[in-house]
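What follows is a single structure, written as structure tokens, with notes after it.
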Amino acid sequence: MIQCPFCRSDIHPEATICPQCHARKGYGSNNDGGIHTGGSISLLAIICFALIVGGMLIGDMGYIFAVLGGIGLPFCLAPLARGARWYR
Ligand SMILES: [Zn+2]
């Protein structure tokens, strides 16, 4: 069992939502006020990576996509490297 950092109740180690206070475990908040799960943040990282590779393959104007992907990628990878945290 682990302890919820907000309400101190015991929760299952695999749980991603605290049953008591509904705190959520994830990798940062998204634009909708939700929480990124490991899956969604990995998907974003893959999209950024695809932008970089795709943009370089296209060349010319495609480099704009490569630059955008290059800017986005660290923002996706940093939370993954840091690990999941609890948010409420
Ligand atoms: Zn809680």
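So, in region 20-59, how many residues would count as being more than 20 Å from Ile71 (Cα to Cα) and either part of a strand (DSSP E or B) or in contact with a His (Cβ under 9 Å, 6 or more places away or on another chain) (or both)?
Within region 20-59, residues that are more than 20 Å from Ile71 (Cα to Cα) and either part of a strand (DSSP E or B) or in contact with a His (Cβ under 9 Å, 6 or more places away or on another chain) (or both) number 4.
Looking at Ile41, is it within 14 Å of the ligand (Cβ to nearest atom) and within 21 Å of the chain's Cα centre (by Cα)?
No: the conditions fail for Ile41.
Report every pair of residues separated by at least 6 positions or lying on different chains whose Cβ atoms are under 6 Å apart, first residue within region 1-18 and without any contact (Cβ under 8 Å) to a residue 40 or more places away in the chain and hydrophobic (A, V, I, L, M, F, W, C), second more than 9 Å from the ligand (Cβ to nearest atom) and part of a loop (DSSP other than H, G, I, E, B).
Close Cβ pairs (under 6 Å, with a partner that is more than 9 Å from the ligand (Cβ to nearest atom) and part of a loop (DSSP other than H, G, I, E, B)) amount to Ile2/Pro13.
Can you tell me which of Ser42, Ser29 is surrounded by 14 or more Cβ atoms within 10 Å (Cβ to Cβ), under 28 Å from Arg88 (Cβ atoms) and at pLDDT below 95? Walk me through how you get there before you give the answer.
On the way: Ser29 fails: surrounded by 14 or more Cβ atoms within 10 Å (Cβ to Cβ).
After ruling out the rest, the residue left standing is Ser42.
The values are calculated or read from the model by the stated rules, or taken from the named source; none is laboratory data. Please read these numbers as outputs of a predicted model, since none were measured by experiment. Cβ atoms come from the backbone with ideal geometry, glycine included; neighbour counts cover every protein chain shown.
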